[in-house]
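These notes are about the structure you will find just below.
The values are calculated or read from the model by the stated rules, or taken from the named source; none is laboratory data. Since this is a predicted model, take the numbers as computed values, not measurements. Don't worry about glycine lacking a Cβ; one is built from the backbone with ideal geometry, like all the others, and counts go over all protein chains shown.
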Amino acid sequence: MPTRKETLWFIALALLLSWGVGAWWLLDERRFILIRLLMCIPAFVAMGCAWAFRREAPRAAGFAFTGWRPWLLAMAYPWIMILVCLGLAYLWRALSGRADFIYLRPLAEFKFGISKNLGFQGLPALGFAAAAWVVLLLPWLLVATAYRAQWPDRLKAALPSPWSWLHHAFRAALFVPTFLIHGVFPGELGEEMGWRGHLVRRWADRPLVAVAITMPVWASFHLPVIFSSAQKGHPVLNAVFLLSIAAAAVPFAALYLWGRSVWPCAVLHLSWNLWNPIVLGNVYTGHAGLFGGQVRIFNGEALFGLIFNAILALWLITMWRREASRTRASLPEG
C-alpha cells in the first residue's frame with residue numbers, strides 16, 4: 001500500500017480511537033488509567049498498521065541504542081525550555097511590576113502516585129522526582145542495550161531450528177521491567193512508537209512532510225484535554241495549548257530523525273511530562289508547581305513554551321528547506 005494511504009489509515013484510526021477513550025475519560029477525570037491507555041493507542045495502531053500493510057515487527061520503530069548524544073539532548077531539552085520560560089516570566093514580571101505574575105513556592109507540596117501518603121515540600125520534591133526519573137529510564141536503557149548488542153538475534157541464531165521462535169518470547173520479556181515500573185500502559189513510549197516511530201519514520205526521507213503531518217495530528221490527539229474541567233471555557237488558552245503541542249512536534253521529529261531510535265523521543269517525552277508540571281505547573285489540572293502565578297502563560301505547554309518551541313521549530317524547518325533545495329539543485333536536469 002502506498003505510504004500516503006497507509007498514513008491516512010493510521011491517522012484516522014489513531015485519532016478516532018484516542019478521542020473515544022478521551023470522551024470516556026471526560027465522564028470521570030479521576031480515572032487516570034484511561035489517560036495512560038489513550039497515550040498507548042498510537043502504538044497499538046502503529047503496530048497493527050505496520051504488520052497489516054508491510055509485515056513489519058514493532059522493532060522497526062527503532063529499539064536499538066544509537067548513542068548517548070540523542071539521549072542526553074532528550075534529558076536536557078525540558079530543562080532548557082524551563083529555564084527559558086522562567087527567564088521570560090521574570091523579565092515580564094520586572095517590566096510589568098506584577099510580583100504575582102510568577103513567584104517561587106518553596107513550601108509547595110507534591111504528591112506522588114506511588115502512595116497517597118508520599119509527599120514532599122519544595123525543593124526536596126525535585127530530589128525524589130530525579131530518583132524516580134532514573135528508575136523509569138533504566139528499563140528502557142536495558143531494551144536499547146539488548147537491541148544494540150543484538151541479543152535477540154544472537155539467541156535466535158543459537159537456538160535449534162524448532163526452538164528459534166523463542167526469540168520472540170525473549171523480545172517480549174525485555175519489556176517486562178517497563179510494564180512493572182511504568183505500569184500496564186507506558187504512555188510516553190506508546191505515543192512515541194506511534195507518532196515518531198511510525199508516522200515520522202514513514203516520511204523520514206522528507207522531513208518537511210513528516211512535520212507538516214505530525215504537527216496538526218499530534219495537536220489533534222490532545223483535543224480531549226481542552227474539554228477537561230481544568231481547561232474548558234478558555235478558548236484562547238486552549239488554542240495556545242494546542243499550538244504549543246504542534247510546535248513541539250518539530251523538535252520531537254528532529255530528535256527521531258537524528259537518533260533513528262524511538263528511545264530518545266520517549267526519554268524526552270517522559271522528562272517533559274515529569275519536570276514541566278513539577279517546576280512550571282500542570283496545565284492539565286491547573287495546579288501550580290514550584291513556581292506559582294500565571295501558570296497558563298509561562299508554562300512549557302502555554303504561551304512561553306509555545307514561543308520557545310516555535311522559534312526552534314522555525315529554525316529546524318528552515319534548515320530542512322535549505323537541505324531540500326540543495327538536494328534538488330544537485331540533481332541532474334531532465
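Right, Glu56: in a loop (DSSP other than H, G, I, E, B) and closer than 19 Å to Tyr284 by Cα or not? The answer is no for Glu56.
Please indicate, with yes or no, whether at least one residue in the range 270-280 is more than 19 Å from the chain's Cα centre (by Cα), in a helix (DSSP H, G or I), modelled with pLDDT of 95 or more and not acidic (Asp, Glu). Within the range 270-280, none of the residues are more than 19 Å from the chain's Cα centre (by Cα), in a helix (DSSP H, G or I), modelled with pLDDT of 95 or more and not acidic (Asp, Glu).
So which residues in the range 221-252 are among the hydroxyl-bearing types (Ser, Thr, Tyr) and either touching a Lys or Arg at 6+ places or on another chain (Cβ under 7 Å) or crowded, with 19+ Cβ neighbours inside 10 Å (or both)? Selection gives Ser244 alone.
Residues checked against (1) modelled with pLDDT under 95; (2) more than 12 Å from His198 (Cα to Cα); (3) buried (at least 22 other Cβ atoms within 10 Å of the Cβ):
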{"position": "Val45", "(1), (2), (3)": "no, no, yes"}
{"position": "Ala50", "(1), (2), (3)": "no, no, yes"}
{"position": "Glu56", "(1), (2), (3)": "no, no, no"}
{"position": "Arg59", "(1), (2), (3)": "no, no, no"}
{"position": "Ala64", "(1), (2), (3)": "no, yes, no"}
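Only a single criterion out of (1) within 14 Å of the chain's Cα centre (by Cα); (2) within 23 Å of Arg4 (Cα to Cα); (3) of a type in the set (D, E, K, R) is not satisfied by Arg260, namely (1). All told, Gly194 falls short of being modelled with pLDDT of 95 or more, out of contact with any strand residue (DSSP E or B) (no Cβ under 8 Å at 6 or more places or on another chain) and under 29 Å from Val295 (Cα atoms).
Checked against (1) buried (at least 17 other Cβ atoms within 10 Å of the Cβ); (2) at pLDDT 95 or above; (3) within 30 Å of Gly97 (Cβ to Cβ), Trp218 passes all but a single condition, namely (3). Contact map, the range 16-30: residues that are touching a residue at least 24 places away in the same chain (Cβ under 8 Å) and more than 12 Å from His222 (Cα to Cα) paired with residues that are polar (S, T, N, Q) and outside any helix (DSSP H, G or I), Cβ distance under 8 Å, separation 6+ or inter-chain. Pairs shown: Leu26/Ser228; Glu29/Ser228; Glu29/Ser229.
Answer yes if at least one residue in the range 250-265 is among the aliphatic types (A, V, I, L, M), part of a helix (DSSP H, G or I), at pLDDT 95 or above and closer than 20 Å to Leu38 by Cα, and no otherwise. Yes, because at least one residue in the range 250-265 is among the aliphatic types (A, V, I, L, M), part of a helix (DSSP H, G or I), at pLDDT 95 or above and closer than 20 Å to Leu38 by Cα.
Please determine whether any residue of the range 283-297 is part of a helix (DSSP H, G or I), touching a residue at least 40 places away in the same chain (Cβ under 8 Å) and out of contact with any Pro (no Cβ under 8 Å at 6 or more places or on another chain). Yes, there is a match, as at least one residue in the range 283-297 is part of a helix (DSSP H, G or I), touching a residue at least 40 places away in the same chain (Cβ under 8 Å) and out of contact with any Pro (no Cβ under 8 Å at 6 or more places or on another chain). Only one entry in Glu29, Glu6 is outside any helix (DSSP H, G or I), surrounded by 13 or more Cβ atoms within 10 Å (Cβ to Cβ) and not aliphatic (A, V, I, L, M), namely Glu29. Listed by first and then second residue, the pairs with beta-carbon distance under 6 Å, at least 6 apart or on different chains, first residue in the range 199-220 and farther than 14 Å from Ile11 by Cα, second modelled with pLDDT under 95 and among the acidic types (Asp, Glu), form an empty list.
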